[in-house]
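For reference, the structure is listed below as structure tokens.
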Amino acid sequence: MKKPTILLITPPLTQLNTPYPATAYIKGFLKGQGYTVTQADFGIELVLRMFSRGGLSRIFEAVEKGDFELSDNSRRILRLRREYLNTIEPVIRFLQNKDTTLAQQISYSRYLPEASRFDQVEDIDWAFGSMGITDRARYLATLYLEDLGDLIKETICPYFAFSRYAEKLALSATSFDPLEESLQTEPNLVDQLLLELLEERLQEVQPDVVGFSIPFPGNLYGGLRLAQYIKQQYPHIHTMMGGGYPNTELRSLREPRLFKYIDFVTLDDGEGPWLKLLEYLRGERQVDFLQRTFMLQDGKVEFINGCLDKDIPHTEVGTPDYSDLPLQVYLSVIDVINPMHRLWSDGRWNKLTVAHGCYWKRCSFCDITLDYISRYETAPATLLVDRIEQIIAQTGQTGFHFVDEAAPPSALRDLAIELIRRGVKITWWGNIRFEKTFTPDLCRLLAASGCIAVSGGLEVASDRLLDLMKKGVSIAQVARVTDGFTQAGIMVHAYLMYGFPTQTAQETIDSLEVVRQLFLNGVIQSGYWHRFSMTAHSPVGKHPEKFGVVKVGPPEGDFANNDLWHDDPQGTDHELFGQGLAKAIYNYMHGVGLEEPLSFWFDFKVPRVTTDRNLIAKAIQEPAKPDSERKLARVFWLGNVPEIDFMMYAKKGQTIERCVLTFYEKAEDFQIKTTANIGQWLLEQLTLLTSEDAPSISLKQLEETYPLDAHLNFSEFLASPVWFELREKGLLLL
């Protein structure tokens, strides 16, 4: 039996600036197995169809014909219909970076029609004063689209949002009833536009199998609407579903009605389960030997995991294949004035995983029992850079977002060295843990390899609670690590959490004081507060009594089971603090209010700070271990091979030979003067360190080659101005 033709779909909506990578991963793998695979991102395709002159005309007509109770804001947009129709396609081209000359008009003339979203632009000069006209225009153009999104949400499609679609139907959906009721109603205009896209693609591809990637709750309704159409119009096509939402929410699935739309639901990494399903559909595998798959058998939902094969190793999943995604049409939007969040929404980023799972996997708030975190596997740096080069060749883009749970320091080090060795120039960012392995030298290496930003969890910024959540870091350690990244020119974003079990009002205020000091000392540049959420697959969710909280719901249902309700009898009223924490960090990111008392941000009485007011400054100033005590560290040189000139001069009747090493570097040239024997030794070692097949040399091995007749012994040399100059200019100990 011939291999089936496969269509992979990401339903609306995730990001508008770059494709979600799941279908690219699966396509890359299945192509390597000989399958014909096409992929589609219906999020960007739907938005482009809606926000075109034709699509917007249909939306305006539907609003005017409909029986809607319109707000003043929606009436204003309708009155400006002609202005919106005349500007929508130029604005989209501008956001696609196809017509950047429009920036001046958008920024400084009345080019765009304005509705209520523009009420927030009073801060625009403050936020964008130093960022340039194009960024300012991109922000205003984003507000313009969001105004139109508000009209759509108020009228023809209450489910619509730019980064999610009908999310509330899938959030904590222990019952399938709300989704089922919505799917039985007549498709709204946005649904119709989506189904038109599907019909066009089905005619073009003629697939035997359609696979849906459902990464978030905001993709589920769209995916089921598409699957419903396939079942109604093309019942011979098999449908399957996987992704982040099933992996976390549907692990105890018992709801048979889901299978009116989807034939198979798989858990965890899709490569193995989907390969086994395709073999089953070809008659090459018995149903009992499927892998991590839900299906309906005799009217009952069965979970089948009789497969004896191991998971596909991280080294064998192949390279993500972006080749048939329309990369040139994605939109660079700026929806929030936060430097790290901007990376999420602005610019095209190739997404790649450095390592599978999390090397730490102990945090008590995290879903560490699930495969995507618990199964930790690495790939050699040579293979990763091979994949990077393949993706660059496919996409023409050199920006990478490493989407690891927490990228391992050792793997990042090896990756950076390999990128530098091969001369592969990329720009990258990703998520890390603020652990002490990220020394200032490692931060400098990562910056040299193209790292521009890192994000990491400081979480509650309280040592007691960090210990309780098994985070494995301390506040002082976070301060030193973030300082190292900042000194290397890498932006640092801190994920912050409030409302962790047993957290008191005092600890919340003291945590805010730590955050204030981090901004005051300039070691983080961005941050965001999240409210703690108890999930079913985390240690807190599995054993709430160990953390002093009580699970109070929701009642377990046949559909989703992930978000849990809890009562915290020992903690404070966490709801009170959210607005003040958000207001404080928004201002801190702009350098405002850093000297204000913390009570300034709250409209109720809060405890006095008990944290040392110089906690972060003291941590940063703590002296580092001297190089003489780091003999096992690897020596790495970021610079070029110098030129050497020898000179002779007389001193007290003796002829002394000296030398000058001249370094020609990208930013500036510099010279080092030393004795001839040390200079010759340095030249030899730096030549070796920069060679194509440079060996890994430790400081101890470097010492073994040090000239015996030098006027300084090696320990003295490590304390000399020559050594300090080299260290400053790019000699790293890793």
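The values are calculated or read from the model by the stated rules, or taken from the named source; none is laboratory data. This one's a predicted model, so the numbers in the text were calculated from it and none came from an experiment. No Cβ is skipped: glycine too gets one built from the backbone with ideal geometry, and neighbour counts run over all protein chains shown. Side chains included, ligands, DNA and RNA excluded: accessible areas come from the protein's heavy atoms. Shrake-Rupley method; radii C 1.70, N 1.55, O 1.52, S 1.80 Å.
Residues in the stretch 321-334 that are closer than 20 Å to V47 by Cα and buried (at least 20 other Cβ atoms within 10 Å of the Cβ): 7 in all. When you scan the stretch 294-313, do you find a residue that is assigned to a loop (DSSP other than H, G, I, E, B), open to solvent by less than 20 Å² (accessible area, probe 1.4 Å), touching a residue at least 24 places away in the same chain (Cβ under 8 Å) and of a type in the set (D, E), even just one? Scanning the stretch 294-313, I find no residue that is assigned to a loop (DSSP other than H, G, I, E, B), open to solvent by less than 20 Å² (accessible area, probe 1.4 Å), touching a residue at least 24 places away in the same chain (Cβ under 8 Å) and of a type in the set (D, E), so the answer is no. Which of the numbered conditions does V660 fail, given that it passes all the others? Conditions: (1) open to solvent by less than 40 Å² (accessible area, probe 1.4 Å); (2) touching a Lys or Arg at 6+ places or on another chain (Cβ under 8 Å); (3) touching a residue at least 60 places away in the same chain (Cβ under 8 Å). Checking V660 against (1) open to solvent by less than 40 Å² (accessible area, probe 1.4 Å); (2) touching a Lys or Arg at 6+ places or on another chain (Cβ under 8 Å); (3) touching a residue at least 60 places away in the same chain (Cβ under 8 Å), the one that fails is (3). State which residue is surrounded by the most Cβ atoms within 10 Å (Cβ to Cβ) when the search covers only the stretch 204-239 and only residues that are hydroxyl-bearing (S, T, Y) and under 32 Å from the mean Cα position of the chain (by Cα). Top of the filtered list is S213. For the stretch 446-488, the set of residues classified as without any contact (Cβ under 8 Å) to a residue 24 or more places away in the chain and either in a helix (DSSP H, G or I) or more than 22 Å from T611 (Cβ to Cβ) (or both) consists of D463, L466, D467, listed by residue number. The sole residue among E45, E69, E64 that is of a type in the set (D, E), surrounded by fewer than 23 Cβ atoms within 10 Å (Cβ to Cβ) and within 24 Å of L8 (Cβ to Cβ) is E45. Count, please, the residues in the stretch 484-497 that happen to be open to solvent by 30 Å² or more (accessible area, probe 1.4 Å) and either over 18 Å from C451 (Cα atoms) or of a type in the set (D, E, K, R) (or both). Qualifying residue count, the stretch 484-497: 1.
Kindly establish whether V424 is modelled with pLDDT of 95 or more and not charged (D, E, K, R). In short, yes.
Looking only at residues in the stretch 140-160 that are of a type in the set (F, W, Y) and open to solvent by less than 10 Å² (accessible area, probe 1.4 Å), the one that is modelled with the lowest pLDDT is F160.
With respect to the stated conditions, E167 fails to be charged (D, E, K, R), farther than 27 Å from L253 by Cα and either surrounded by fewer than 21 Cβ atoms within 10 Å (Cβ to Cβ) or modelled with pLDDT under 95 (or both).
Scanning the stretch 680-695 for residues that are in contact with a helix residue (DSSP H, G or I) (Cβ under 9 Å, 6 or more places away or on another chain) and open to solvent by 20 Å² or more (accessible area, probe 1.4 Å) yields Q685, E692, D693, A694, P695.
For (1) closer than 22 Å to S332 by Cβ; (2) open to solvent by 40 Å² or more (accessible area, probe 1.4 Å); (3) free of Cβ contacts under 8 Å to residues at least 40 places away in the same chain, each residue gets a yes or a no:
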position	(1), (2), (3)
W360	no, yes, no
C363	no, no, no
A381	no, no, yes
V385	no, no, yes
E389	no, yes, yes
T395	yes, no, no
G399	yes, no, no
F402	yes, no, no
E405	no, yes, no
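Scanning the stretch 543-587 for residues that are within 15 Å of F500 (Cα to Cα) and among the basic types (K, R) turns up K546, K551. Pairs meeting the criteria (first residue in the stretch 85-105 and aliphatic (A, V, I, L, M), second residue open to solvent by 70 Å² or more (accessible area, probe 1.4 Å), beta carbons under 8 Å, at least 6 apart or on different chains) are L85/R53; I88/R53; L102/R93. Against the criterion of being touching a Cys at 6+ places or on another chain (Cβ under 9 Å), open to solvent by less than 50 Å² (accessible area, probe 1.4 Å), assigned to a loop (DSSP other than H, G, I, E, B) and closer than 30 Å to V385 by Cβ, I373 does not qualify.
Per the listing T101, T36, the residue uniquely surrounded by fewer than 19 Cβ atoms within 10 Å (Cβ to Cβ), closer than 30 Å to G347 by Cα and touching a strand residue (DSSP E or B) at 6+ places or on another chain (Cβ under 9 Å) is T36.
Of all residue pairs spaced 6 or more apart or on separate chains, those with beta-carbon atoms under 6 Å, a first member in the stretch 580-599 that is among the polar types (S, T, N, Q) and a second member that is surrounded by 16 or more Cβ atoms within 10 Å (Cβ to Cβ) are N587/G593; S599/V606. Which of the residues belonging to the stretch 240-287 are of a type in the set (A, V, I, L, M) and either open to solvent by less than 10 Å² (accessible area, probe 1.4 Å) or in contact (Cβ under 8 Å) with a residue 40 or more places away in the chain (or both)? Hits for the stretch 240-287 are M240, M241, L250, L253, L258, I262, V265, L267, L275, L277, L278, L281.
Restricting the stretch 503-539 to residues that are among the small types (G, A, S) and either over 23 Å from G557 (Cβ atoms) or in contact with a helix residue (DSSP H, G or I) (Cβ under 7 Å, 6 or more places away or on another chain) (or both) leaves a set whose member that is surrounded by the fewest Cβ atoms within 10 Å (Cβ to Cβ) is G522. Residues in the stretch 507-540 that are of a type in the set (V, I, T) and within 21 Å of P607 (Cβ to Cβ): T508, I509, V514, V515.
L95 falls short of the stated requirement of being out of contact with any Cys (no Cβ under 8 Å at 6 or more places or on another chain), at pLDDT 90 or above and farther than 23 Å from T18 by Cα. Name the one entry in N713, N677 that is surrounded by 12 or more Cβ atoms within 10 Å (Cβ to Cβ) and modelled with pLDDT under 95. After applying the criteria, what remains is N677. Residue check: is L702 in contact with a helix residue (DSSP H, G or I) (Cβ under 7 Å, 6 or more places away or on another chain), touching a residue at least 60 places away in the same chain (Cβ under 8 Å) and closer than 20 Å to P626 by Cβ? Answer is yes for this residue. Being touching a Phe, Trp or Tyr at 6+ places or on another chain (Cβ under 8 Å) and within 16 Å of L148 (Cα to Cα) is a property that I9 lacks.
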